[in-house]
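Notes to accompany the following structure.
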Amino acid sequence: MTPAQALAFLREAEVLHLALTRPDGSPVLRTLNAAVSDEWLLFHGAPSGEKAQCVGRAAVVQAEEVVATIPSYFTDKEKACPATTFFRSVQVHGTLERIVDPHVKADALQRIMERYQPEGGHLPISFDTPLYQNAIRGILVLGVRIREVTGNAKLGQNKGPTEAQALMSALWGRGAPGDARAISLMFQHHPEAARPARFRGPAGTWLWPWLPPSDAPEAAALLRDQYWTRGVSDELLVAAQLGSNVWVGARDENGRLVATARANSDGVRHPYVADVAVAPEHRHRGLGAALVELLLEHPALRRVPSVRLGTADAQPFYERFGFVPEPQVDFGFPMTSLLLRRAPTAQLTE
Ligand SMILES: CC(C)(COP(=O)(O)OP(=O)(O)OC[C@H]1O[C@@H](n2cnc3c(N)ncnc32)[C@H](O)[C@@H]1OP(=O)(O)O)[C@@H](O)C(=O)NCCC(=O)NCCS
């Protein structure tokens, strides 16, 4: 990872691990909530706590996530040796320092609040606010000044394109939770030649089986002012993408999101497809069909016996996959489908 990617990973990490040594050389390992700036990792502690004893000493901070476990039989039917784990991890090396200036302490604490309570709901922390002065004086604020940051995304980059393709295809075939995401992360760290043909879309596009949260505003822009989203804010469209457990898309040669589709599925029964849209300049080239096919093949949808969606005019588009109008919901035994219409709450309307 580049230093900027590594810092972005740290900023998104829910917790960080801090390793230190006490003056007698004995090790200390702590889990932290911290705010991350370009130069500092900032956190707080008890004035008489263990961390306080380690001020001035070398510190290592790490955050990591497992992306996918890769079984040996993905690449070798006999030998166990290729078994591995794909992961992303970031390490920061620096020195533990005590923040003394009360204004700087207040600023650090406010940053931590913004990180973990972004919705606000409190007076901003400032040493000029009498409410906070005693608390700021009494709390220990520490920082690791970042001397070196290294980010490692181990996603099979040591494999050539053919082997990487085989791995991505095997992940898609396995379809364990997180595998669609692992493939999209591999897309980011491998050349295009390493992507399986399964994910090739028409006219130079690529189909992504998982999209990062940062794509949600682009998806909202594609969905804005469709007949079913009129009056729905971009904020709600973004929340709907992020709240769906299946969200796929297509990117053009420049990496721009040009198609989006999502579904909610328990993986077993009654999934619902929603918000299918292709950028106007990419329509009528088979991209919509390719994306819906990928969506239906997604691990969370591929085993379900029936899939529902609603459309005002695109029945012919969905017919090719076998979708038919459903006059009455067929549960396989006599049953009436019931619908509850509720007045939207204040938060759900613009
Ligand atoms: C519907 C949509 C996703 C199709 O994307 P696409 O990339 O053009 O789809 P494809 O090229 O794979 O297929 C196009 C074919 O689907 C059918 N089709 C697409 N939209 C249709 C519609 N609204 N009514 C009837 N047929 C439609 C036509 O047969 C069309 O053939 P054509 O290209 O010869 O006209 C795209 O038109 C779109 O984003 N529309 C606006 C949003 C929308 O209506 N989404 C579906 C909501 S349920």
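The values are calculated or read from the model by the stated rules, or taken from the named source; none is laboratory data. Values in this document were obtained by computation on a predicted structure and should not be read as measured data. Glycine also receives a Cβ, built like all others from the backbone with ideal geometry; neighbour counts cover every protein chain displayed.
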Practice item. Please state which one of Asp234, Asp179, Asp225 is under 17 Å from the mean Cα position of the chain (by Cα) and of a type in the set (D, E, K, R). Key: Asp179
Point to revise | Listing of strands (runs of 3 or more DSSP E) fully contained in the range 7-87 that carry 3 or more residues being farther than 27 Å from Asp107 by Cα and touching a helix residue (DSSP H, G or I) at 6+ places or on another chain (Cβ under 9 Å) | key: 58-70
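Per-residue answers, yes or no, for (1) in a loop (DSSP other than H, G, I, E, B); (2) within 16 Å of the ligand (Cβ to nearest atom); (3) surrounded by 13 or more Cβ atoms within 10 Å (Cβ to Cβ):
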| residue | (1), (2), (3) |
| --- | --- |
| Ala261 | no, yes, yes |
| Asp266 | yes, no, no |
| Ala277 | no, yes, yes |
| Arg285 | yes, yes, yes |
| Val292 | no, yes, yes |
| Gly310 | yes, yes, no |
| Pro327 | yes, no, no |
| Met335 | yes, no, no |
Review point. Are there any pairs with C-beta distances below 7 angstrom linking a residue in the range 190-203 that is of a type in the set (Phe, Trp, Tyr) to a residue that is in a strand (DSSP E or B) and crowded, with 21+ Cβ neighbours inside 10 Å, with the two at least 6 apart or on different chains, and if so which?
Key: Phe199/Leu207
Review point. Would it be correct to say that Leu131 is farther than 30 Å from Thr84 by Cα, touching a residue at least 40 places away in the same chain (Cβ under 8 Å) and more than 21 Å from the chain's Cα centre (by Cα)?
Key: no
Point to revise | Which listed residue is assigned by TED's automatic domain parsing to the domain that holds Ser48 and either buried (at least 18 other Cβ atoms within 10 Å of the Cβ) or modelled with pLDDT of 95 or more (or both), from Gly121, Gly173 | key: Gly121
Exercise for review: Those residues that are surrounded by fewer than 14 Cβ atoms within 10 Å (Cβ to Cβ) and assigned to a helix (DSSP H, G or I), I need them from the range 222-241; list them, please.
Suggested key: Glu235
Practice item. Look through the range 57-86, keep the residues that are under 24 Å from the mean Cα position of the chain (by Cα) and among the hydrophobic types (A, V, I, L, M, F, W, C), and return whichever of them is surrounded by the fewest Cβ atoms within 10 Å (Cβ to Cβ). Key: Val66
Exercise for review: Kindly list, by first and then second residue, each pair from a residue in the range 288-312 that is in the same structural domain as Gly249 (by TED's automatic domain parsing) and within 14 Å of Asn264 (Cβ to Cβ) to a residue that is at pLDDT below 95 and surrounded by 15 or more Cβ atoms within 10 Å (Cβ to Cβ), limited to pairs with Cβ atoms under 6 Å and residues at least 6 apart or on different chains.
Suggested key: Ala300/Gly267; Leu301/Pro271; Val304/Pro271; Val307/Pro271
Review point. What are the residues in the range 152-179 that are in contact (Cβ under 8 Å) with a residue 40 or more places away in the chain and in contact with a Leu (Cβ under 8 Å, 6 or more places away or on another chain), if any?
Key: Ala153, Leu155, Gly156, Asp179
